[in-house]
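Right, one structure below, let's go through it.
What follows draws every value from the coordinates through simple rules; no lab data is involved. This is a predicted model, so every value here is computed, not measured. Cβ placement follows ideal geometry from the backbone for every residue including glycine, while neighbour counts extend to all protein chains displayed.
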Amino acid sequence: MKITPKITPIYQTSVFKFDDLNELEQYFGEPGSRYLYSRNGNPNSDELAEAVNKLEGGAGAVATGSGMAAIFAAILACCQAGDHVLCAADIYGGSSALLNAELSRMGITASYVPFEQLYELAEFVQPTTRLLLAETISNPLLRVADLRRLAAECHRHGLKLVVDNTFASPVITQPLALGADIVLHSVTKYISGHSDVTAGVVVAADEEVVARLRQIGIFYGLTLSPMESWLAVRGLKTLRLRMREHSRNALIVAQFLEQHPKVRQVNYPGLDAHPQHALAAEQGAGQFGGMMSFLLDDDAEVVNAFMQRSRRFPFAPSLAGVDSSLSYPLGTSHRSLTTEQQQQLGITVGLVRLSVGIEPIEELLADLAQALG
Ligand SMILES: *Cc1c(COP(=O)(O)O)cnc(C)c1O
């Protein structure tokens, strides 16, 4: 019987069999010809890595057990004890926590560059600085980095540019084409898209860096399981369609919030008033994604009332699923920052982050109207 499934089956196995020593020699002699052990490589995780690699235009990719594992792998691929990294001050809270609480213990130090100074790194660079970590679209203020300019500035100082492209997805921006050296994703978010997977992926422009990433994935055990990989591949197939709907809905929601008397400010790159609107339009080929944040009065009671009344935007501290949700940066992703850092970044009591899903837009607008009312 010949079985030829259209879709890659789930190779739910931790290990693969060999008939004899010749096959074992083939495994080592012809890399990529066979599988040995799923932590080292599995058809499902390779399918995911290859699909994202293709979208990002890289030399190769590694699927990881989470977005955090992807960030960790990217930094370890470029740094060792004694090295220093620069990090955009507007960064995912988990990234700064990893740098401050763990990588510091391994002798890798970090300093933070305010958004306004990202293109003038001279005063931040040390002789041991190896890379800059930044996000295409920052969380939670949705500030957009000019990646072409940032890559040029990094390379001028001999640094690698590592881009967390989670908020944009490769549909909206492909950082490697703009000069970045490494791009990574929390696959948990748009790439999977259905809030049912925890995964990550890291892609490099250079073959040698890809080889480093593979080794780090295997030795530190950061690689992804077959089932999670399979789910992520399934989600990825609709990424282009989903991003179109997320972007369309989010622009309408942002325009609605911008006009609402209870809303003091809306941060969405698709709005004309956004400080990097023109850049976002150019870099994102006219799509701006589904993420935004907005400012209510800086009063916890006002925020609570909105959260309690909202039906279509449940509080769920993640993002990028097909179903809408909201998050509260001060209490979740940016909780570990000092009050001063929170104030500096503009993460205040009234700031609410929305992840706009792909539901019928009238339902989302009606829900927001009643929740704010
Ligand atoms: C969620 C997220 C991460 C971390 O990813 P996990 O899959 O939760 O480990 C990293 N960067 C950004 C921008 C994120 O939103």
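Sort 55-64, 305-314, 91-100 by packing, meaning the average of other beta carbons within 10 Å per residue, with the highest value first.
Working: 55-64: 24.7, 305-314: 15.5, 91-100: 19.6.
Result, highest mean Cβ count within 10 Å first: 55-64, 91-100, 305-314.
Quick check: pseudo-label points 7 Å beyond the Cα along Cα→Cβ at A316 and A59, how many nm apart are they?
Modelled inter-label distance: 3.9 nm.
What's the percent breakdown of Cα-Cα distances in segment 21-236 across 5 Å bins, shortest bin first?
Distribution as computed: 1, 8, 16, 20, 20, 15, 10, 5, 3, 1, 0, 0 percent.
With r defined as the distance between the Cβ atoms of S104 and R156 and R0 fixed at 30 Å, what FRET efficiency is calculated, to the nearest 0.05?
On the way: r = 27 Å, r/R0 = 0.89.
Efficiency, rounded to the nearest 0.05: 0.65.
What angle, in degrees between 0 and 90 and rounded to the nearest 10, separates the Cα long axis of helix 226-236 from the longest principal axis of the Cα atoms of the chain?
50
May I ask you to evaluate 6.51 cos²θ - 1.76 cosθ + 1.60, the Karplus curve with θ = phi - 60°, for each residue of segment 283-293 and list the ³J(HN,Hα) values in order in whole Hz, giving x for glycine and proline?
With coefficients 6.51, -1.76 and 1.60, one gets 5, x, 6, x, 10, 10, x, x, 9, 7, 9 Hz.
List the lysines whose Cα lies under 27 Å from the Cα of K54, skipping any in the same chain that are fewer than 8 positions away.
Answer for K54, where 27 Å is the Cα cut-off: K6, K160, K189, K237, listed by chain and number.
What value, in deg cm²/dmol to 500, does the helix sum -39500 (n - 2.57) over DSSP H runs of n ≥ 4 give at 222 nm once divided by the residues of the chain? Intermediate values should be presented prior to the final figure.
Numbers: 13 runs with 135 residues, N = 373.
The helix-only estimate for the chain comes to -11000 deg cm²/dmol at 222 nm.
Just to confirm the number: angle between the C-alpha axis of helix 300-309 and the first principal axis of the chain, 0 to 90 degrees, nearest 10?
70
Run the numbers on the chain and let me know its relative contact order in percent, using alpha-carbon pairs under 8 Å that are six or more apart. Could the numbers behind the result be given before it?
On the way: 771 pairs, mean separation 64.3, N = 373.
Relative contact order comes out at 17 percent.
Rounded to the nearest 10 degrees, what's the angle between the helix 239-259 long axis and the longest principal axis of the chain, both from Cα atoms, 0 to 90?
Between helix and principal axis, roughly 20 degrees.
Take the alpha carbon atoms of the chain, find their radius of gyration, then divide it by 2.2 N^0.38 Å using N residues; give the quotient. Spell out each step's value before the answer.
Details: Rg = 21.2 Å, N = 373, 2.2 N^0.38 = 20.9 Å.
Cα Rg divided by the expected 2.2 N^0.38 Å: 1.02.
Among 30-40, 268-278, what's the highest-first ranking by average C-beta atoms within 10 angstrom per residue? Please report the intermediate quantities before stating the final value.
Details: 30-40: 13.5, 268-278: 17.6.
Ranking, from highest mean packing down: 268-278, 30-40.
Sticking with the crude label model, points 7 Å out along Cα→Cβ, report the distance from Q12 to R148 in nm, one decimal please.
Modelled inter-label distance: 4.8 nm.
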